[in-house]
1. Spin-label point model (7 Å from Cα, Cβ direction): what's the VAL211 to TYR167 distance in nm?
2. Name the long-range amide H neighbours of LEU397: under 5 Å, sequence gap of 5 or more, or other chain; modelled H, no Pro or chain starts.
3. Assuming R0 = 30 Å, what is the FRET efficiency of THR200 and THR55, from their Cβ-Cβ distance, to the nearest 0.05?
4. What full-extension length gain, to one decimal in nm, is calculated for ASP277 and LYS42 as 0.36 nm per residue of separation minus the Cα-Cα distance?
5. Determine ³J(HN,Hα), in whole Hz, for all residues of the range 57-70 in sequence, where each value follows from phi through the Karplus function 6.51 cos²θ - 1.76 cosθ + 1.60 and θ = phi - 60°; x replaces Gly and Pro.
6. Per 0.36 nm of contour for each residue apart, how much would the distance between THR17 and ARG184 grow if the chain were fully extended, relative to their Cα-Cα spacing?
7. Which whole-Hz ³J(HN,Hα) couplings does the range 94-99 yield from phi under the Karplus relation 6.51 cos²θ - 1.76 cosθ + 1.60, θ = phi - 60°, glycine and proline marked x?
8. Work out, step by step, the length gained on full extension between GLU234 and LYS377: first 0.36 nm times the residue separation, then minus their alpha carbon distance; give nm to one decimal.
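Since every read-out is calculated from the coordinates, none of them should be taken as a lab result. Here the structure is a predicted model, which means the values were calculated and not measured. Note: ideal-geometry Cβ built from the backbone for every residue, glycine included; neighbour counts use all protein chains shown.
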Amino acid sequence: MELQHVATGNPAQDAMTVLAGLPDAADQGQAVDRLQQLEQAKRMLAAAQAEATHTFLAFREAEERDLRIPQSQHLQGLEAEVGLARGESPYVGGALTLLARALHTVLPNTRAALRSGRVSEYHARLVAEHTNHLRDAHRREIDAAIARRLGTASSSQLRKLIEGHAYRLDRQAAEDRANQNTARRRVCLAPASDNQVYVTAELPTPEGLAVMESLETRARQRQAAHRAFNPDGESLGREQVMTDLFVELLTGQTTARGVTAEIVVVMQDSTVFGDDDLPAWIMGHGPIPAGTAKDWLADPEARKFLRRMYTRPTDGQLVALESSRRCFPDGLAKMLRLRDDTCRTPWCNSSVQDADHRTPWAAGGATSWQNATGLCKRCNQRKEHRGWTYSGSPDELTVTTPTGHAYTVPTRPPLSEIASWNSDPPPLNTTIDIGLPAASVIWAEAA
Ligand SMILES: [Zn+2]
């Protein structure tokens with residue numbers, strides 16, 4: 001590429017200027033050629049990013065040695081700095097840091113393939129991650145063994161190849177790992193689309209198969225006994241019955257629909273009382289259609305507590321939580337979870353677990369709405385490390401990293417991004433009887 005006519009001092013900008021100057025593809029063949037060339041360029045850039053990550057890591061290690069930072073505190077938070085610089089979560093930042101180190105130490109063939117644009121960054125990450133638990137010598141062997149398949153194997157083929165080589169090289173370690181994994185178990189909740197969620201469990205294979213077998217057997221029995229119907233008489237399929245049984249067995253309810261749970265729903269007045277289309281927002285889940293939310297709140301079988309949030313009419317920022325059941329300061333943490341929804345560290349996907357003092361308590365920071373940020377546990381711990389500061393207001397958060405790089409993100413509640421806020425909140429100290437589910441609410445200024 002000719003770079004002589006541009007010199008902004010920013011290589012990315014210079015490269016984009018060159019690309020923008022390329023003539024449009026003249027036919028389909030040229031368009032596909034362009035796709036391939038740009039893909040190759042992206043891979044080469046990913047290799048350059050891995051180089052930069054490794055250099056950053058090496059400088060930080062040298063600095064920490066000079067400062068005699070204890071081994072236990074080495075490289076704390078570095079993965080989040082990499083994530084922030086790339087607009088990724090701390091988790092992805094960690095994976096990219098791991099990739100950079102592995103490419104420079106034990107995966108020379110994968111590094112060469114990435115630098116030449118033969119393999120994608122995603123596939124290079126697979127190699128780094130799926131060999132991470134192995135000894136360095138074995139990682140090098142696998143890197144050499146799969147070298148000619150890089151760029152031709154699918155991600156699934158690559159994973160299987162790596163696993164196969166790992167089992168061959170160290171059978172005992174593979175067996176130990178399988179045994180250790182038996183102890184690992186967890187249950188997760190993740191949003192699906194259109195008012196649905198996924199509840200997934202990671203558990204040993206025999207137990208997982210037993211769960212499904214039990215659900216299938218019970219569902220067959222229910223269908224055979226002609227008890228598999230909706231309240232309106234509609235016949236239910238096997239999977240629907242299994243899902244109902246899943247809920248009933250786990251919650252102890254006699255019917256899946258009668259689950260008791262406290263579910264926090266954020267709705268505009270106009271959605272609750274009127275007929276507008278603004279979605280409601282379920283804390284920790286996301287938006288649900290207005291009609292679904294209203295039907296759901298009106299369902300006498302479901303015991304729910306409605307909490308409504310008031311918003312500043314100018315920009316939709318949450319300014320107070322109203323509830324006859326709970327008030328400040330107990331409500332503060334809940335309000336923060338509503339305001340911030342997910343951890344406020346830029347690009348972090350974890351849910352809010354801690355109400356954090358943005359200006360630390362020890363430094364004179366108040367326990368207040370103004371000084372509170374909703375963070376996940378890991379981000380809350382990381383901000384206490386050397387060189388990190390969080391600053392801002394309820395509307396905006398700026399995270400500054402040890403290198404002095406600052407990342408500012410707006411912190412308006414997610415619902416306010418969707419809604420156009422044009423309704424005034426009710427007058428102060430107005431009590432509103434919202435009928436179902438019978439909570440009287442009082443509007444008050446935020447503490
Ligand atoms: Zn976080």
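1. It is 2.4 nm.
2. Under 5 Å from the amide H of LEU397: VAL409, THR411.
3. 0.20
4. Here the answer is 80.5 nm.
5. 4, 5, 4, 5, 4, 5, 4, 5, 5, 4, 7, 6, 5, x
6. Computed gain between THR17 and ARG184 is 55.1 nm.
7. x, 5, 6, 5, 4, 4
8. Roughly 46.9 nm would be gained on extension.
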